[in-house]
Each structure stands twice: as C-alpha cells, then as structure tokens.
Amino acid sequence: MEDMEKLIRSYNAIKRYLFKDTKYLFLYIYRYFQNNYHNNCKFYTDEEFTNLIKAGKPILRLGDGEMSLIHFLPTPDNSPQVYSDSIRNDFLKIIKNYTNDSKYILGVTPHVNYTNTQLKNMGRWEVCRQMKITYELIFNKGAKYFDSFAFYRDGGFEKFLSQYIKTKRVIIVTNEENKKNIMDSDLSDDTYLYITCKDKNTYEDRLKIQNEIINLIDKSGLPKNNFVVLMSAGLSKTIIYDMSDQGYQLLDIGRGLENYYSKISIEHLLTDQH
C-alpha cells in the first residue's frame, strides 16, 4: 500500500511539473544523478550582514515554503499558506529583481551549495532539493545573500539584533500566542508595540498588516528610521519588498524571534533528518 501511494504521488508530481513547470522538472531529473552537483551562491559574512542591518536594510528569508509556492504547491507543515498565482508571482518578482543594490537583502539556506551526496547523507535532500534547483534556474548568481538560518542558530538573535533593537522603537508582527509569550518573557520590553496576525494564510492580510505598521509609525510622530519591525508572521513577508522602497526596515526573523524570547533552542532543526 505504501509503495502504491508513493507511486501515485510521483505520477501526480511528474504530471504537474511536466505541464506547469517543465524547466524545473527536466533540470531536476538531470541534476538528480550528479552526486557532486552544487551551486556557488555567495553569502555575506556575519560582519557584513550585521553592518547592513545597522545601515537600515530590510531582510527577507526564503525557504522550502516559498519554493513550494513558486512550484505551484501549498507550503509544507500543514499548509500555513494556501497557493495562489498572486503569491507565486510576488515571490518570483522578489527573486528576479534582487541585486546587490536592492533596498532589501534576501536570505537563502546554505544548503544550496551542498552536493547531492552531502544532502542525502544528512537526510536533507527532500527538504533542500527545490531551493537548490530553483536557485540555479532563476536566482541572481552575481548577488550576495545572507544565511536564512542566521536566527535559527543558537545565539543568532543576540549576535545580529539584540543590541541593535535597543537603539530603535520596536514593532513586533506575530500571532496572538507568540505575542503573549513575548510579553511574558523577561527579555521583553514595555515599549514594544504589537500587530497581531492570523496563524495561517497571512498573505491575504498583507495590506491590512502593512497599513497597521504605517499607522503606528505615523501616530508616533517620529521618523520611520527610528523604528524596526520584527516579522514572525508567515507569508505576509512579501510586504517587506513593498515597504523597503518606502524606507521602512522590516526584519523577517520567523521562528527565531519567538524562540529567542522563549529561550528555546531550535538549532537542531537545521540538522534533523526528515
């Protein structure tokens, strides 16, 4: 029964990719058997990344969820975001318009540079294959990226952000549960402002979230560069691209934010087999 289910899934995947994502399918098949195949993605050093954040650059992470949407699939992990042509086109725009001179910095996983053999030995091939192939297909190879796992590593938030946000007014965009956990944390601050969002399908509320951020800052009477917005709000992260042109600094932290305030390590997620 299990073998039959795998066969059906494989058949449906091939049929979908053949008609909707032909280039991806054939490159995937071609690269699958090249055990030493890897990309040569350039990454910012920790020091460069820190200085870019201090200079007010927004950051936006891309991972397997975004890659699924680009390839016409819902996101994994119980589908926190449904697929739509709109969200797919937004992420394609974000990727294809990215250069070293962009107002925002893109983050991708270091696994794009791992060989197939390394990923398979780590048990990470299934998770990382889409990013690896998609990077080769459509990403700007001349641009530099930051390590999208930076805030998942132990000490990452402290290294890159904890001192910096003390110099800013902080707005946190997250769901109600995370908001409560952060407010209850001894690392929290009474001056933090919050915007709450849903647990799933936050892309559909992106304009509402964006307007709430702008209204909070406008009401303060302070310049927008006095603020930093910490995002742990699912796929509403596309607003980072839109707001970066307007001079706002939004930082896509994801689970790294909630786990920093909860003092929970999630670094094992980077090496756990799937």
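Since every read-out is calculated from the coordinates, none of them should be taken as a lab result. This one's a predicted model, so the numbers in the text were calculated from it and none came from an experiment. Using ideal geometry, Cβ is built from the backbone for each residue, glycine included, and neighbour counts are taken over all protein chains shown.
The gain in end-to-end length when the Thr117 to Ile138 segment is fully stretched comes to 5.3 nm, 0.36 nm per residue minus the alpha carbon separation. For Tyr145, nonlocal amide neighbours, meaning residues 5 or more places apart or on other chains whose placed amide H falls under 5 Å from its own, are Lys42, Phe43, Tyr44.
The peptide list 91-100, 58-67, put in order of mean Cβ contacts within 10 Å with the highest first, becomes 58-67, 91-100.
A Förster distance of 30 Å, applied to the separation of the beta-carbon atoms of Tyr30 and Val82, puts the FRET efficiency at 0.45.
Need the full-extension length gain, Tyr192 to Tyr164, defined as separation in residues times 0.36 nm minus the C-alpha distance. One decimal, nm.
Working: separation 28, 0.36 × 28 = 10.08 nm, distance 1.41 nm.
Contour length minus Cα-Cα distance gives 8.7 nm.
Taking other C-beta atoms within 10 angstrom as a stand-in for reagent exposure, Val228, Val82, Val173 fall in the order Val82, Val228, Val173, fewest first. Exposure proxy for Tyr104, Tyr83: other Cβ atoms within 10 Å of each Cβ, ordered fewest to most, give Tyr83, Tyr104.
Taking the number of Cβ atoms within 10 Å of each Cβ as an exposure proxy, the fewest-first ranking of Met183, Met231, Met131 is Met183, Met131, Met231. Computed over the Cα atoms of the range 2-147, pair by distinct pair, the Kirkwood hydrodynamic radius stands at 16.5 angstrom. Here is the P(r) of the range 156-270: all C-alpha pair distances, binned every 5 Å from 0, give 2, 11, 23, 25, 21, 13, 4, 1, 0 in whole percents. Each Cα pair under 8 Å and six or more residues apart adds its separation to the average, and for the range 140-218 the resulting relative contact order is 25 percent.
Legend: calculated FRET efficiency, Lys103 to Leu207, from the Cβ-Cβ distance at R0 = 22 Å, rounded to 0.05, equals 0.70.
Taking all Cα-Cα distances within the range 47-124, those exceeding 14 Å account for 70%. The alpha carbon convex hull volume per residue for the chain rounds to 135 Å³.
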